[in-house]
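The values are calculated or read from the model by the stated rules, or taken from the named source; none is laboratory data. The structure presented is a predicted model; accordingly, all values stated were derived computationally and were not measured. Here the Cβ is made from the backbone with ideal geometry for all residues, glycine too, and neighbour counts use every protein chain on show. Please note that ligands, DNA and RNA were not included when accessible areas were found on the heavy atoms of the full protein model with its side chains. Shrake-Rupley method; radii C 1.70, N 1.55, O 1.52, S 1.80 Å.
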Amino acid sequence: MNPRRPSARGTTLEGLVLAALGALQTLAFVHTRAWWLPLLAVAVLAWRLHGSTGPRQAAWLGWCFGTGWLTAGTWWLFISLYRYGHLPAWLAAAAVGTLAGLLSLYLAAAAAAYRHWRRGNTFDAALFAAVWLLAEVARALIFTGFPWVASGYAQVDGPLAALAPWVGVYGIGAVLAALAALLARAVTARG
């Protein structure tokens, strides 16, 4: 048995924790004074991607985080589908979950790319920010796009909001991702 290879139970539990963190960070979209919450959640994701055993596990972790994030951030679609579209509740919930899962493939690909391209045993904040930016822009533009819940929108009342005129919402998301990777590196270095 490979000692670096995580057990199925450990991988599933880690995926559930990251999905919960992805969902939790969406509180900052409603309670904008919690702008720091996405920074911490993405820092945990960056830390886990850094410690992942390879691109495949990184893709799984990114997908779990993204699915939690997008499910919690687009819950209102359930109301539209169920109440106004007259779908059965189970089908409306499945539709929202399926949409979130499919859109999370962008973040899964970004996480796998980060793990594949990262050199050495150091955090690469610029690379993490670049793949994060690519994932968010791809989600917003490809296949008619789905720009809702872009990470930069959670920074409306945070210090990164000052960057909006220069880099826009996706640039703010990239800066957030870079800061999260730097935070993860700082905490790891101290530990």
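Quick one: grab the alpha carbon gyration tensor of the chain, order the square roots of its eigenvalues as a ≥ b ≥ c, and give me rounded if a/c is under 1.5, else prolate or oblate depending on whether a/b is larger than b/c. Oblate shape, in that a/c is at least 1.5 and b/c is the bigger or equal ratio. All other residues whose Cβ lies under 15 angstrom from that of VAL131 are scored, Lys and Arg at +1 and Asp and Glu at -1, for a net of +3. With a 1.4 Å probe rolled over the protein heavy atoms of all chains, the accessible area of ILE79, ILE172 falls in the order ILE79, ILE172, largest first. Estimated from helical segments only, the mean residue ellipticity of the chain at 222 nm is -23500 deg cm²/dmol, where each DSSP H run of four or more residues counts as -39500 (n - 2.57).
Paramagnetic label reach from ARG119 (point 7 Å along Cα→Cβ; backbone nitrogen cut-off under 20 Å): within segment 159-191, residues 178, 181-182, 185. Heavy-atom surface analysis with a 1.4 Å probe gives segment 1-145 a carbon and sulfur content of 70 percent of its accessible area. Residues HIS50, HIS86, HIS116, ordered by accessible area of protein heavy atoms at a 1.4 angstrom probe radius and largest first, appear as HIS86, HIS116, HIS50.
Between the listed residues LEU141, ALA129, HIS116, the Cα displaced farthest toward the positive end of the dipole of the chain, a dipole computed from Cβ unit charges relative to the Cα centre, is found at HIS116. Per-residue surface analysis assigns ASP124 an accessible area of about 60 Å², computed on protein heavy atoms at 1.4 Å probe radius.
Its relative contact order, with pairs defined as Cα atoms under 8 Å and 6+ residues apart, puts segment 93-191 at 29 percent. These residues, TYR153, TYR84, go from largest to smallest accessible area, 1.4 Å probe, as TYR84, TYR153.
Longest stretch of the chain clear of exposed loop sites (trypsin sites (Lys or Arg not before Pro), DSSP loop, at most 13 other Cβ atoms within 10 Å, sites excluded): 5-118.
Solvent-accessible area per residue in the chain equals 54 Å², computed with a 1.4 angstrom probe and all protein chains kept.
Only Lys, Arg, Asp and Glu carry charge here, each on its Cβ (+1 for the first two, -1 for the last two); on that basis the chain has a dipole of about 560 debye about its Cα centre. When the chain is treated as a Gaussian network with alpha carbon springs shorter than 10 Å, the biggest mean-square fluctuation among LEU91, LEU134, LEU16 belongs to LEU91. Each Lys or Arg adds one and each Asp or Glu subtracts one; over the other residues with Cβ under 15 Å from the Cβ of ILE172, this totals -2.
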